[in-house]
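Asker: Please see the structure below; I have some questions.
The values are calculated or read from the model by the stated rules, or taken from the named source; none is laboratory data. If you're wondering where the values come from, they're calculated on a predicted model, not measured in any experiment. Backbone-built Cβ (ideal geometry, glycine too); neighbour counts: all protein chains shown. With ligands, DNA and RNA removed, areas are computed over all heavy atoms of the protein, side chains included. Shrake-Rupley method; radii C 1.70, N 1.55, O 1.52, S 1.80 Å.
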Amino acid sequence: MKVLVIGGGGREHALAWRLSLGASVSQVHVAPGNAGTALEPNVANLSIAVDDFAKLAEFAREEGVDLTIVGPEAPLVGGLADYFNAQGLRCFGPSRAAAQLEGSKAFAKGFLQRHGIPTATSETFADLAAAKAYVRAQGAPIVIKADGLAAGKGVVVAQSLTEAETALQAMLSGDAFGDAGRRVVVEEFLEGEEASFIALCDGHLALPLASSQDHKAAYDGDRGLNTGGMGAYSPTPVVDDSMHERIMERIVQPTLAGMASEGAPYLGFLYVGLMVTPSGAAKVIEFNCRLGDPEAQPIMMRLRSDLAAVCAKALDEGLEGASLDWDARAALGVVMAAEGYPGAYAKGEAITGLDAVGGERCKAFHAGTRMDGESVVTNGGRVLCVVGLGDTVADAQAEAYAAVAGIDWRNVRYRFDIGHRAIAREKRF
Ligand code: AMP
Ligand code: GLY
């Protein structure tokens with residue numbers, strides 16, 4: 001099969017790399033890709049933007065691409081899968097209607113409520129006075145979320161009423177996120193530990209991927225601004241076997257059944273962001289209509305199956321009888337970022353030390369990088385995700401950080417404590 005991956009971040013490097021190792025795959029193209037995908041054997045970059053649907057489809061048709069997999073949310077919410085499928089081009093990703101689970105938080109919350117799927121209680125508002133009155137009645141801490149896509153920045157966990165009212169004002173006026181913020185979801189604050197649970201779905205059946213945990217805060221100890229994610233590992237001990245079963249039974253399967261019953265069957269990767277509360281309940285914090293980034297990097301490091309074959313089966317005949325094989329070891333990825341991220345940062349810095357990373361236990365996935373002649377330079381906020389494999393999360397962490405220590409550029413920054421929750425548990429037992 002010829003496979004086209006759409007996107008240019010760390011998730012897409014991990015996807016393209018894993019796909020390229022599958023027995024059914026002859027060639028992977030990535031649009032637009034990054035330096036990591038440019039350097040990967042059997043992977044080629046294509047300079048087409050993720051929102052240029054016509055050029056992407058033209059390439060897929062002319063090149064005889066057998067399967068397209070979409071990495072980021074924006075083209076999916078914009079209807080790329082519908083556009084491809086309408087032309088008979090096989091595309092693994094949710095329709096525009098199904099991608100509303102990520103595209104509109106108000107839709108997602110309404111959906112969860114309609115189908116009795118566990119989530120924080122919430123109300124949706126377009127009117128500032130009504131939203132403020134609700135917030136005052138509920139009290140702080142409380143969570144304010146922009147309805148539409150806001151590049152991972154549309155959530156404010158307000159510790160005080162003042163903070164909540166400031167966020168409401170900024171979002172509802174359109175100042176903070178434009179139209180994406182003109183409706184807000186105001187949500188109960190949930191205590192607990194977060195986990196990421198992703199399933200590969202055919203519209204009716206779900207094949208769970210290995211569980212994972214992200215680290216959203218910029219600094220060690222989970223302090224500082226929220227980012228796209230500063231590191232992740234898989235599996236996560238919060239999702240033990242019984243929790244895994246409960247998530248599938250109470251959340252993932254009802255979500256697929258609910259979407260099918262509403263006329264928008266969900267085909268593609270479904271990402272469930274979960275809060276596991278101290279009493280052991282799993283509640284949905286958010287849905288994403290795609291793989292997580294950086295969760296995809298450790299997950300793809302552990303996957304042993306021919307991923308393209310499984311996605312093609314989901315599209316052609318359904319997932320009945322399908323399975324995925326995993327490396328039993330843990331994988332842990334450390335995001336190396338540009339100083340300043342998630343705010344302003346410099347680009348174009350030369351990266352050194354990448355050649356020394358290799359072997360079966362370690363891989364440097366690129367995110368914001370590009371080729372500058374023969375050298376690799378920084379081209380984004382999150383630049384690399386360096387993943388190690390080990391028998392325990394602590395071993396995987398040691399492997400990843402040993403490789404990180406050899407990589408450098410001017411003003412590189414990363415967290416030193418990725419995996420801290422799992423490692424604390426490993427020490428306790
Ligand atoms: P989201 O973009 O929905 O993933 O939210 C970003 C982050 O905000 C999440 O990863 C959580 O850390 C936090 N968050 C979102 N909703 C809640 C909630 N109801 N209670 C506590 N924290 C939340
Ligand atoms: N790492 C969280 C996300 O991909 O949304």
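Asker: State which residue is nearest to ligand 1 (Cβ to nearest atom) when the search covers only the range 155-167 and only residues that are within 19 Å of Leu225 (Cβ to Cβ) and open to solvent by less than 50 Å² (accessible area, probe 1.4 Å).
Answerer: If we take residues in the range 155-167 being within 19 Å of Leu225 (Cβ to Cβ) and open to solvent by less than 50 Å² (accessible area, probe 1.4 Å), then Val156 is nearest to ligand 1 (Cβ to nearest atom).
Asker: Here's something else I'd like to know. Across the range 277-302, what is the number of residues that are β-branched (Val, Ile, Thr), open to solvent by less than 10 Å² (accessible area, probe 1.4 Å) and within 16 Å of ligand 1 (Cβ to nearest atom)?
Answerer: 1
Asker: Same structure again: If we only count strands (runs of 3 or more DSSP E) wholly inside the range 322-428, which ones have 2 or more residues that are within 30 Å of Gly192 (Cβ to Cβ)?
Answerer: The strands (runs of 3 or more DSSP E) meeting that bar are 330-338, 382-390.
Asker: Scan the range 46-98 for residues that are of a type in the set (Ser, Thr, Tyr) and in a helix (DSSP H, G or I) and report the count.
Answerer: Total meeting the criteria: 1.
Asker: Given the criterion open to solvent by 30 Å² or more (accessible area, probe 1.4 Å), β-branched (Val, Ile, Thr) and closer than 30 Å to Gly22 by Cα, identify the matching residue among Val43, Val50.
Answerer: On the way: Val43 fails: open to solvent by 30 Å² or more (accessible area, probe 1.4 Å).
Answer to the selection: Val50.
Asker: With Glu360, Glu320, Glu339 as the choices, which residue is open to solvent by 30 Å² or more (accessible area, probe 1.4 Å) and under 23 Å from the mean Cα position of the chain (by Cα)?
Answerer: Numbers: Glu360 fails: under 23 Å from the mean Cα position of the chain (by Cα); Glu320 fails: under 23 Å from the mean Cα position of the chain (by Cα).
Going through Glu360, Glu320, Glu339 in turn, just one is open to solvent by 30 Å² or more (accessible area, probe 1.4 Å) and under 23 Å from the mean Cα position of the chain (by Cα): Glu339.
Asker: Looking at Gly148, Gly178, Gly203, Gly174, which one is closer than 30 Å to Leu303 by Cα and either open to solvent by less than 40 Å² (accessible area, probe 1.4 Å) or under 22 Å from the mean Cα position of the chain (by Cα) (or both)? Steps first, please.
Answerer: Details: Gly148 fails: closer than 30 Å to Leu303 by Cα; Gly178 fails: closer than 30 Å to Leu303 by Cα; Gly174 fails: closer than 30 Å to Leu303 by Cα.
Residue meeting the stated conditions: Gly203.
Asker: Could you check the range 139-170 and list, in sequence order, the residues that are within 16 Å of ligand 2 (Cβ to nearest atom), modelled with pLDDT of 90 or more and not hydrophobic (A, V, I, L, M, F, W, C)?
Answerer: The answer is Lys145, and nothing else.
Asker: Checking Ala350 against (1) open to solvent by less than 30 Å² (accessible area, probe 1.4 Å); (2) touching a strand residue (DSSP E or B) at 6+ places or on another chain (Cβ under 7 Å), which single condition isn't satisfied?
Answerer: Among (1) open to solvent by less than 30 Å² (accessible area, probe 1.4 Å); (2) touching a strand residue (DSSP E or B) at 6+ places or on another chain (Cβ under 7 Å), the lone unmet condition for Ala350 is (1).
Asker: While we're looking at this one, here's another question. Please work out which one of (1) surrounded by fewer than 23 Cβ atoms within 10 Å (Cβ to Cβ); (2) in a strand (DSSP E or B) is the condition Gln213 fails and give its number.
Answerer: Just one mismatch for Gln213, condition (1).
Asker: Tell me which residues, restricted to the range 65-90, are over 22 Å from Gly154 (Cα atoms) and without any contact (Cβ under 8 Å) to a residue 40 or more places away in the chain.
Answerer: First, pick out the residues of the range 65-90 that are over 22 Å from Gly154 (Cα atoms): 65-70, 80-90.
Scanning the range 65-90 gives Asp82, Tyr83, Phe84, Asn85, Ala86, Gln87, Gly88, Leu89.
Asker: Being crowded, with 23+ Cβ neighbours inside 10 Å and more than 29 Å from Gly268 (Cα to Cα) is true for just one of Val334, Val376. Which residue is that?
Answerer: None of the others qualify; the one that does is Val376.
Asker: Continuing with the same structure: Name the single residue, out of those in the range 277-290 being within 16 Å of ligand 2 (Cβ to nearest atom) and part of a strand (DSSP E or B), that is farthest from Ala206 (Cα to Cα). Talk me through it step by step, then tell me what you get.
Answerer: Keep residues of the range 277-290 that are within 16 Å of ligand 2 (Cβ to nearest atom), which gives 284-290.
Checking the rest, the ones that are also part of a strand (DSSP E or B) come to 284-288.
Numbers: Val284: 17, Ile285: 19, Glu286: 18, Phe287: 15, Asn288: 15 Å.
Out of the qualifying residues, it is Ile285.
Asker: Strands (runs of 3 or more DSSP E) wholly in the range 99-200 with at least 3 residues that are out of contact with any helix residue (DSSP H, G or I) (no Cβ under 9 Å at 6 or more places or on another chain) and over 28 Å from Arg11 (Cα atoms) - which ones? Before the answer, list the steps.
Answerer: Details: elements: 122-125, 142-146, 155-158, 184-188.
Of the strands (runs of 3 or more DSSP E) lying wholly inside the range 99-200, none has at least 3 residues that are out of contact with any helix residue (DSSP H, G or I) (no Cβ under 9 Å at 6 or more places or on another chain) and over 28 Å from Arg11 (Cα atoms).
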